[in-house]
Structures are given as C-alpha cells and as structure tokens.
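**Student:** Pasting a structure here, questions to come.
All of the numbers you see were taken from the coordinates with simple rules; none came from a lab. Quantities reported herein were computed from a predicted structural model and do not represent experimental measurements. Cβ: placed from backbone, ideal geometry, glycine included. Neighbour counts: every protein chain shown.
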Amino acid sequence: MVKKIVSPIIILLSVMILSSCKDKIDRAHMKIDREALVKRHTVKVEKFDSLASLTVGNGSFAFTVDATGLQTFPGLYEKGISLGTQSEWGWHSFPDTSGFEYEEILKEYDFYGRQVTFNYQWQHPERKKTASDYLRQNPHRLHLGIVGLEIYDESGREISPEKITSIRQQLNMWKGEIKSFFKIGKYPVEVTTYCHQELDIISAQIKSELLKTSRIKIRLKFPYPTGKHVDSGCDWTKPQKHSSVFIKTGDNYATIQRTIDSTTYYVSLRTEKKAEIIQHAPHYFLINPDTNEDEFSFSCLFSPEDNNPDVAKFLAVETNSIDKWKEFWNTGGAIDFFGSKDPRAFELERRIILSQYLMKVQCAGNYPPQETGLTFNSWFGKFHLEMHWWHAVHYALWNRVELLEKSLGYYALIADEARKTAARQGFKGLRWPKMTDLTGIDSPSGIGPFLIWQQPHFIYFAELCYRHRQDSLTLKKYAGLVFETADFMASFAHYDELNDRYVLGPPMIPAQECFKPEVTFNPPYELAYWHWGLSTAQKWRERMGMSRNPEWDSIINKLSPLAISEGIYLLAESAPDSYTEKHNYDHPAVFGALGKLPLTPLVDTSVMHKTFNYIWDNWQWEKTWGWDFPLTAMTATRLGLPEKAIDALFMDIPKNTFLANGHNYQDQRLRIYLPGNGGLLTTVAMMCAGWDGCEIENPGIPKNDQWKVRWENLAKMP
C-alpha cells in the first residue's frame with residue numbers, strides 16, 4: 001500500500017482558498033459597516049471651485065459655502081453652484097401695482113365641444129403678457145443673507161481669494177460637518193461648520209492666531225431679490241428698496257429685522273465669547289471678536305418670526321448635527337459595492353451616498369422642493385409637482401417613509417385650490433397644479449398647465465405609505481385625497497363612443513414636453529399611469545370596506561391601448577411621426593409605462609423590449625434630462641437587462657454628470673438638478689430589492705464576477 005503524501009504547499013493553498021471562501025460567505029451575510037461606507041466617500045476640496053461648493057442643512061433650510069467654510073467669496077461662485085441661504089418659508093413678492101387678476105391670464109381650449117380655461121403664459125397683448133409674467137415670477141424664493149469671513153492683510157486691507165493658500169476642505173457626511181483649512185500667509189485658519197437639524201441655525205467655529213489681531217471678522221450682507229428665472233436671487237443694486245435694522249443687541253447677541261416690501265423675517269446672532277456686533281453699512285453687518293484667544297464661535301438663526309429667546313451655541317449645534325446624522329445613516333437602507341471589480345461600482349456607490357446626503361439636506365422638508373433644492377433659484381424658486389415623484393419616492397424605498405410623509409401634508413393644504421381648478425374646467429375631484437408655491441396656485445405657462453402626469457402621483461405616494469405601515473390610520477389619513485384624485489382622473493378620460501374606449505386629451509402635453517397641447521392624445525406613460533392609478537384607488541376602496549367605483553372600472557377596462565407602429569410603441573397615438581428628429585428627444589417618457597410603473601394589462605413586454613432597443617440606439621440623448629437615465633435603467637431592469645441598466649446610469653452625456661460634491665450637473669444654466677439624484681436612489685433601490693412579484697435576486701445588477709453587492713433594509717417597488 002502506497003501512502004499518499006500531501007504537499008505542504010497544497011495544504012497551504014487549500015487553507016487560503018477555504019479562508020477566502022469563508023470571507024466571502026461571512027461578508028455576504030455580515031452587517032454593513034455604515035460609518036465606513038459613508039466615510040469612504042468623504043468629499044475633499046483643495047481649491048476654489050465654483051462647482052464644488054458644499055452644503056449643510058436639515059431638509060427645510062440649507063446653507064452653502066465656499067472653500068473657506070462660509071460664504072466669504074460669493075462672487076466667485078455666482079455662475080457655478082452659488083452660495084445660497086434658503087428656507088422653505090422664505091418667499092417674497094414684488095408689489096403688484098397694476099392689480100392683476102388670475103382670470104386675466106386664462107385661455108380657452110376646446111375639450112370635446114366645451115371650452116376649458118388654462119392659466120396661460122401670454123406673449124401678447126401687453127396687459128396679458130405683463131400679468132402672466134408677474135404671476136409666474138411671484139412669489140419667488142428668497143436668499144436670506146450671506147454669512148462669510150472678512151479677512152485682512154497686515155495693512156488692514158481686505159484680502160482677495162488669491163491670498164488664500166493650502167486649501168484642504170472636507171465634508172464629513174457622517175456628522176453633517178464641513179471642516180475647512182487654509183492659510184493666510186504663514187497663518188493657518190480652520191473653520192468648522194454645522195447646521196442644526198431641527199432649527200434653521202448655522203454655527204461655525206474659527207481657529208486662528210489672526211483672531212487675536214482682529215484680522216478675521218464675520219460678515220453678514222443682505223440682498224434684495226432679483227426675481228429672475230435662474231440665479232442666486234441676490235440683487236446688490238437696490239439698497240433703498242429694503243431695510244435691515246437691529247431690534248435687539250447685547251455683548252454677545254443681536255437680532256436683525258429684515259423687511260423686503262411686505263416680507264419680514266429675522267436673523268439672530270449669538271457668540272460664545274464677547275464680540276462687537278455692528279452695522280457697517282446698509283444691509284452690511286460685522287461680528288468683531290473681542291478676544292485674545294485663537295478660537296471663536298458663533299451661531300446664526302434665520303426665522304420668519306421674532307419668537308426665539310435664545311440661539312443655540314456651537315457645541316449644542318455640533319452635538320445635534322452629529323447625533324441626528326448618525327441616526328439618519330444608521331436607519332433606513334444601505335447599499336455596499338465593496339469587492340466589485342467593475343470600476344463603475346465605486347463611482348455608483350459614491351453617487352448613492354452623496355445623493356442620500358443631498359436629498360436629506362435639500363429636499364426633506366414640509367413642502368415639495370424646487371429642482372435646485374435650497375441652493376439657488378430655478379423657475380423662480382417654485383416647485384414642480386410632477387417632479388415631486390423624483391424627489392420623494394426614494395424615501396419610501398429606502399425605508400425612510402417619514403421623510404416622504406412630511407411633504408404629503410402639503411396636498412391637503414392646497415386641496416381647495418386644486419378642487420377649484422378642476423371645477424373651473426368642468427371636471428370632478430382635484431386637479432393638482434404643476435409649477436407652484438406654498439399657495440398651490442398654478443403658475444402660468446405654455447406647457448405646465450397641460451401636463452397630467454403629476455395627477456396620479458398622490459395615489460402613488462399614499463400607496464407607498466400604506467405598503468410601509470399596513471394600517472387603518474394611513475388609509476383614513478389619505479383616502480379622501482386618493483379618491484378625489486381618482487375622480488379627476490376619471491372625469492378627464494373622455495369616452496370615445498365611436499371606438500368604445502376612453503382617451504386622454506387633447507388638450508394635454510405628455511411628460512415628454514415636445515408635443516402641442518391642442519392635438520396630442522394618448523401618450524403611453526400617461527395611459528399606463530391612469531390604469532395603475534385608478535386600479536390602485538379601487539384597492540383603497542376595498543381596503544376601506546367600500547364597493548368598487550363602477551365608473552372607474554369602466555375606464556380601467558376601456559382605456560385606449562398603447563399605440564404601436566412597426567412593432568414599437570408610439571410616443572403618442574397622435575404622433576405617427578414619433579421617431580423622427582422632431583420628436584425623439586427630451587424625456588423618453590414611454591419608458592415610464594414599464595419601469596417607473598409596474599406591468600399593467602396595457603403593456604406588452606415584447607413590444608416594450610423592442611421599443612427599448614430602438615430608443616437606446618436612436619434617441620437624441622444629449623437632449624435629455626438628469627432623471628431620464630434612472631428612468632431608462634428602471635425599464636432595463638424590469639425587462640431583465642441588468643447590463644443595460646448599469647450602462648444607462650453611466651451614459652456619457654453631460655446631463656448625466658455627477659460633480660465632486662454629488663450634484664447632478666445639467667448645463668451652464670442649471671448647474672444642479674436634484675431630480676437626477678432622487679431618481680438615482682429610487683432606481684438603485686429597485687435594481688437591488690426588485691418589485692412586487694420579482695423573484696430575481698438583485699435584478700438590476702449584472703450577474704458576473706465584476707459586481708458584488710450587499711444591501712440592507714430596502715423596500716420593493718410596486
């Protein structure tokens with residue numbers, strides 16, 4: 001008998017292989033180290049870069065800083081990601097000296113033999129143009145004030161940015177902390193910046209020998225609003241049109257009252273140590289630390305009312321920020337791509353982490369956010385309710401449904417206005433506005449009033465909340481608005497007696513906004529959304545112990561089919577020339593019919609597959625928007641094309657750019673676009689957790705050795 005001799009090398013290799021397998025098994029099941037996950041994507045800035053400004057905030061208020069950690073050089077960032085201080089309550093209207101009435105801007109359109117009025121953006125005659133321009137511009141969101149450093153050289157002259165060297169700045173998202181280091185000559189300066197997570201307070205600590213010689217002060221400057229479509233909102237040329245005055249002062253505190261036409265708000269300051277707080281010029285204030293020490297801290301509270309007896313000190317704001325951010329990151333979902341070989345995996349993880357931070361900072365308030373959040377104004381600072389889906393759905397899928405629900409109360413606040421709009425047009429229920437503000441009044445536009453894809457959103461939001469809570473309280477809370485939303489949808493669907501079917505439009509404009517309202521009807525995404533929305537509203541009736549609404553059932557059963565030509569879906573039944581250069585740009589909204597939405601009886605997956613391939617090869621992708629790439633990835637995932645889903649998220653198109661600070665860049669006009677960030681989070685949640693009835697593990701992740709993914713606490717998409 002020959003005895004086998006096992007080589008020590010073979011034994012060693014076997015142990016190594018087993019150990020490697022064990023590591024893989026353990027890692028696949030071990031809990032994600034969330035702090036390590038977040039911190040490996042800490043943002044680092046080493047120069048003044050107008051597209052790399054950083055933000056702290058609490059979802060209702062945000063404060064954006066330059067490389068000094070405060071708003072020291074706002075002019076450098078004006079055409080980039082400007083240094084905003086904005087809140088959800090800070091709005092202003094220019095005086096209406098002409099007595100404009102909303103009825104002046106209404107324009108009649110034919111709706112199957114009856115006249116329906118829409119709030120139109122007139123270009124002439126002059127009175128109607130001026131009225132629609134005013135009502136579109138007002139109210140607009142305010143920049144609440146610049147809070148920066150004022151730094152002097154040895155001769156007492158204010159320094160320029162070129163005199164600042166050795167910049168090292170970091171955004172620690174785990175703490176909600178911006179730490180900025182730089183030098184003035186040989187002197188180092190360190191600034192640490194936080195935002196309170198329940199109050200609109202920013203607080204900063206400054207460390208430098210320059211404090212001892214009064215070469216560093218804190219500067220506050222207050223602008224008049226510009227009222228422009230897209231900009232920082234700062235007009236420095238009209239000091240006579242507003243006022244900034246002390247109403248309280250003391251050794252280490254002061255309150256400034258701001259009055260801008262009919263708008264009033266307050267800015268309260270608190271220093272840890274004695275400081276001189278003075279008004280240097282109109283709308284220009286200075287905090288001059290009175291100290292022989294090399295450390296100074298201050299807090300600044302912005303408020304619509306003067307009812308704050310005290311302002312939290314730096315340590316309290318720091319503690320609050322650290323505690324609340326730790327709670328945020330340790331709850332809700334998490335996705336970890338550690339161990340992946342595909343170089344895109346680390347970048348995707350970076351985009352996910354930074355997008356979570358940005359959406360929490362910019363878009364987690366009590367109202368739907370504007371598309372540029374609380375950084376600078378776009379569309380005059382107003383929010384778009386069709387975009388609310390892209391801003392907010394991810395909260396539910398990442399098991400942070402309470403952040404979604406914060407903004408849902410807004411719909412109850414504006415329900416009367418939505419009810420009046422529907423009634424004025426001869427429809428039932430609630431017609432939700434498109435571009436609006438706290439009042440819920442729809443802004444005049446040649447496009448917005450004709451959009452309808454925001455109408456089912458509230459049903460989608462409510463359904464997500466019910467899926468999370470599964471309780472009668474949620475049903476009672478939202479059922480009324482769900483049913484009235486469905487009532488409008490049902491009454492808007494027109495019965496085509498000749499063909500025994502229901503049609504959508506005209507007049508209407510689909511999510512793909514390059515169609516004329518007077519002639520457009522039956523776009524595929526809207527048809528599928530109507531079917532899903534009315535069907536879901538029926539489920540809500542059944543959950544409430546009510547009988548099904550027979551009118552809704554009739555519409556569900558007789559909705560027009562999605563129009564097809566040469567085996568692919570048309571972009572609208574009214575557009576047989578759908579895929580000519582005239583129409584194959586803007587949002588590829590047809591993907592919403594299966595991607596953003598689950599499979600409905602209206603959609604044939606084989607036709608959608610062919611449609612997907614055609615659009616992938618022929619769309620004018622350079623003429624799209626930031627949420628179109630997540631939308632494409634969702635459709636690819638539902639069609640079983642995970643490689644294409646990843647490719648869509650990384651399509652090399654300028655509007656699919658994610659900057660160093662995580663913002664989704666669009667173009668020189670629109671430097672940030674938060675629907676792209678929110679869309680990314682919604683999509684990757686679905687790519688990992690799937691959707692109702694999906695039995696594939698990680699359906700949107702390629703099945704090869706290039707991708708490793710672990711995730712926790714994500715919810716399935718409908």
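**Student:** Going by average Cβ density within 10 Å per residue, which order do the peptides 64-72, 203-211 take, highest to lowest? Kindly include the intermediate steps, with their values, before the conclusion.
**Tutor:** Numbers: 64-72: 25.9, 203-211: 21.2.
Those peptides, ordered most packed to least, come out 64-72, 203-211.
**Student:** Equivalent ellipsoid semi-axes for the chain, as square roots of 5 times the alpha carbon gyration tensor eigenvalues: give them largest first, rounded to whole Å.
**Tutor:** Working: eigenvalues 385, 282, 94 Å².
Square roots of five times the eigenvalues give 44, 38, 22 Å.
**Student:** What relative contact order, as a whole-number percentage, does the chain give when Cα pairs under 8 Å and 6 or more residues apart are counted? Walk me through the numbers before you get to the answer.
**Tutor:** Working: 1516 pairs, mean separation 90.8, N = 718.
That works out to 13 percent.
**Student:** While we're looking at this one, here's another question. Kindly provide the helix-only [θ] at 222 nm of the chain, computed as the sum of -39,500 (n - 2.57) over DSSP H runs of four or more divided by all residues, to the nearest 500 deg cm²/dmol? Working shown, then result.
**Tutor:** Values: 17 runs with 226 residues, N = 718.
Value at 222 nm, helices only, nearest 500: -10000 deg cm²/dmol.
**Student:** Same structure, new question: Take residue 94, project a point 7 Å from its Cα along the Cβ direction, then tell me which residues of the range 215-240 have their backbone nitrogen under 15 Å from it.
**Tutor:** Taking a point 7 Å out along Cα→Cβ of residue 94, the residues of the range 215-240 whose backbone N falls under 15 Å are 224-231, 233-239.
**Student:** Now, a different point. What order, most packed first, do the peptides 508-514, 318-324, 112-118, 354-360 have when packing is the mean number of other Cβ atoms within 10 Å of each residue?
**Tutor:** Put in order of decreasing packing, that is 354-360, 508-514, 318-324, 112-118.
**Student:** Run the dipole for the range 316-460 about the Cα centre, Lys and Arg Cβ at +1, Asp and Glu Cβ at -1, nothing else charged, and hand back the magnitude in debye, nearest 20.
**Tutor:** Working: 16 positive and 15 negative charges, 81 e Å.
Its charge dipole is roughly 380 debye.
**Student:** Treating only the Cβ of Lys, Arg, Asp and Glu as charged (+1, +1, -1, -1), what charge dipole size does the chain show about its Cα centre? Round to the nearest 20 debye.
**Tutor:** Working: 81 positive and 86 negative charges, 322 e Å.
It comes to approximately 1540 debye.
**Student:** Tell me whether the range 370-470 comes out rounded, prolate or oblate; compute the Cα gyration tensor, take square roots of the eigenvalues as a ≥ b ≥ c, and use a/c under 1.5 as the rounded threshold. Provide the component values of the computation, followed by the final result.
**Tutor:** Details: a/c = 2.11, a/b = 1.26, b/c = 1.67.
Because a/c hits 1.5 or more and a/b fails to exceed b/c, the range 370-470 counts as oblate.
**Student:** Seen from all sides and averaged, what is the projected area of the convex hull of the Cα atoms in the range 319-426, in nm²?
**Tutor:** Details: hull surface 38.7 nm².
Orientation-averaged projected area of the Cα hull: 9.7 nm².
**Student:** What is the range 60-125 by shape, rounded, prolate or oblate, if you read a ≥ b ≥ c off the alpha carbon gyration tensor as root eigenvalues and call it rounded for a/c under 1.5, prolate for a/b larger than b/c, and oblate otherwise?
**Tutor:** Values: a/c = 3.23, a/b = 2.78, b/c = 1.16.
Prolate, because a/c is 1.5 or more and a/b exceeds b/c.
**Student:** So, one more: Say each of residue 554 and residue 467 gets a label point 7 Å from the Cα, pointing the same way as Cα to Cβ; how far apart are those two points in nm?
**Tutor:** 3.1 nm
**Student:** Now a separate question. Can you tell me which lysines have their Cα less than 25 Å from the Cα of residue 31? Leave out same-chain residues fewer than eight positions away.
**Tutor:** Result set, ordered by chain and number: 22, 39, 175, 324, 326, 341, 360, 703, 708, 716.
**Student:** Projecting each Cα onto the charge dipole of the chain (Lys/Arg +1, Asp/Glu -1 at the beta carbon, about the Cα centre), which of 172, 588, 426 comes out farthest on the positive side?
**Tutor:** So the residue furthest toward the plus end is 172.
**Student:** Right, something else. For 503, 607, which order do you get if you count the other beta carbons within 10 Å of each Cβ and list the fewest first?
**Tutor:** On the way: 503 20, 607 16.
So the residues, fewest neighbours to most, are 607, 503.
**Student:** Then there's this: Using 0.36 nm per residue, how much length does the chain from residue 245 to residue 447 gain when fully extended, once their Cα-Cα distance is taken away? Intermediate results must be reported in sequence, preceding the final value.
**Tutor:** On the way: separation 202, 0.36 × 202 = 72.72 nm, distance 4.23 nm.
Between residue 245 and residue 447, full extension yields an extra 68.5 nm.
**Student:** How would you rank 675-683, 155-163, highest first, on the average number of other Cβ atoms within 10 Å across their residues? Walk me through the intermediate numbers first.
**Tutor:** Values: 675-683: 27.7, 155-163: 10.6.
In decreasing order of mean packing, 675-683, 155-163 become 675-683, 155-163.
**Student:** Rounded, prolate or oblate: pick one for the range 545-645, where a ≥ b ≥ c are the square roots of the eigenvalues of its C-alpha gyration tensor, a/c under 1.5 means rounded, and failing that, prolate if a/b is larger than b/c, else oblate. Mind showing how you got there, number by number?
**Tutor:** Numbers: a/c = 2.08, a/b = 1.56, b/c = 1.34.
Here the range 545-645 falls in the prolate category.
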